[in-house]
Amino acid sequence: MVNKRRLNYIFRILLVFLGMNGVWYAAYLLVHHPMLPSPLGVYQAMGQLGGRDIVLNVGYSLMRIFAGVLLALVVGLMIGLLMGRSALWNKLLDPVVYLTYPVPKIALLPVAMLFFGLGETSKILMIMLILLFQIIISVRDGVKAIPASTYDVLTSIGAGAGQKFWHITLPGALSVILSTIRISLGTAISVLFFTEIYGTEHGMGFFIMDAWLRLDYPQMYAGILLFSLVGFVLFLLVDLLDYRFMKWRT
C-alpha cells in the first residue's frame, strides 16, 4: 500500500515536470528570443557545467541554508518551548514577538551587512531571521495545544520533567516545527539568493547573476534549475523526516 502510494506520488511529480517543460517549450516557440532558450538547450548547458563548479556553488549555498536553519531551530525551539510551558514568559515575550514578526526580514539585509559585513555571518543571519519567528510562534502554539491531562499520565508514574519533555512536549512541537520549516524554506532560499549576490564568489545566487551579466542565458537558466533542484531536495528531506518521526499522523 505504501509502495503504491509512493509510485503514485512519483508519477504525479513526473507528470507535472513534463507538463511544465511542455509549457516552457511552447513559450520558447512563441517568444523566439535568446533570452528564453529551449528546455533542451538549458539541459545541455547543465550537462556542460563542471562538477567542481556545481559542488562548490551548491555546497556553499547548502552550508548557509543548513547553518541558518540550525540556528533558527535551536533558538526558536528554546524560546517557543519556554513561552508554551510558562505563562509568565509567554506574557513577557509575546509582545516582543508580535511587534518584530511583521517586520519584512529582507529589508534588514542592508542592516545585517553593515553590522556583520558581506561575509558568511550576514547571510546565515538573514536565513535564521526568516525562520526564527515562525518557529517560535508555531512551537509555542503547538506546546500550548497539548492538553494538560496528557502530562498527568506520566506524572502518575513518577516521570520527571525531562521524560515529560522527551515523550510529550518534543513530539507535540516537532510536528509544527517540520510544517513550519517546509513552509519557510522557499522564503529562506529566496533570501539566500539575494544575499549571495553581494560579497561572495561562490553560491547559486552568485552563479546565476554572473551568467546573467555575461548574457549566457542557457547557463543562467541552468543555474535557476539547479537552485530549484536544491530546494526540491530540501523539501524531500523535510518530508522524509516527517515520515520518519510523524508516522502516527499517516
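Residue-level analysis places residue 181 outside the set of residues that are assigned to a helix (DSSP H, G or I) and within 16 Å of residue 58 (Cα to Cα). Of everything in region 194-216 that is at pLDDT below 85 and assigned to a helix (DSSP H, G or I), the residue that is least open to solvent (accessible area, probe 1.4 Å) is 195. Only residues that are open to solvent by less than 30 Å² (accessible area, probe 1.4 Å) and either assigned to a helix (DSSP H, G or I) or among the aromatic types (Phe, Trp, Tyr) (or both) were counted in region 155-170, giving 2.
What is the number of the single condition among (1) in contact with a Pro (Cβ under 8 Å, 6 or more places away or on another chain); (2) more than 21 Å from residue 224 (Cα to Cα) that residue 67 does not meet? In the conditions (1) in contact with a Pro (Cβ under 8 Å, 6 or more places away or on another chain); (2) more than 21 Å from residue 224 (Cα to Cα), residue 67 misses (1) alone.
Cβ-Cβ distances below 8 Å connect the following pairs, each with a first residue in region 123-151 that is part of a loop (DSSP other than H, G, I, E, B), a second residue that is surrounded by fewer than 24 Cβ atoms within 10 Å (Cβ to Cβ), and a separation of six or more residues or different chains: 145/172; 146/168; 146/169; 146/172. Answer with yes or no whether residue 68 is surrounded by 11 or more Cβ atoms within 10 Å (Cβ to Cβ), in contact with a Leu (Cβ under 6 Å, 6 or more places away or on another chain), modelled with pLDDT under 90 and small (Gly, Ala, Ser). So residue 68 fails the test. Scanning region 1-53 for residues that are among the charged types (D, E, K, R) and within 26 Å of the chain's Cα centre (by Cα), we see that the one that is nearest to residue 215 (Cα to Cα) is 53. Among residues of region 96-106 being assigned to a helix (DSSP H, G or I) and under 21 Å from residue 74 (Cα atoms), the one that is modelled with the lowest pLDDT is 105. Whenever a residue of region 200-218 is free of Cβ contacts under 8 Å to residues at least 24 places away in the same chain, its partners that are open to solvent by 30 Å² or more (accessible area, probe 1.4 Å) and in a helix (DSSP H, G or I), lying with C-beta atoms within less than 8 angstrom and at least six residues away or across chains, give the pairs 208/193; 208/224; 211/217; 211/219.
One residue alone among 131, 109, 118 is open to solvent by less than 30 Å² (accessible area, probe 1.4 Å), modelled with pLDDT under 85, in contact with a Phe, Trp or Tyr (Cβ under 7 Å, 6 or more places away or on another chain) and not polar (S, T, N, Q), and that residue is 109.
The values are calculated or read from the model by the stated rules, or taken from the named source; none is laboratory data. Predicted model, so just to flag it, every value in this text is computed and none were measured. In this analysis, Cβ positions are derived from the backbone assuming ideal geometry, glycine residues included, and neighbour counts consider all displayed protein chains. These area figures cover heavy atoms from the full protein model, side chains too; ligands, DNA and RNA do not enter into them. Shrake-Rupley method; radii C 1.70, N 1.55, O 1.52, S 1.80 Å.
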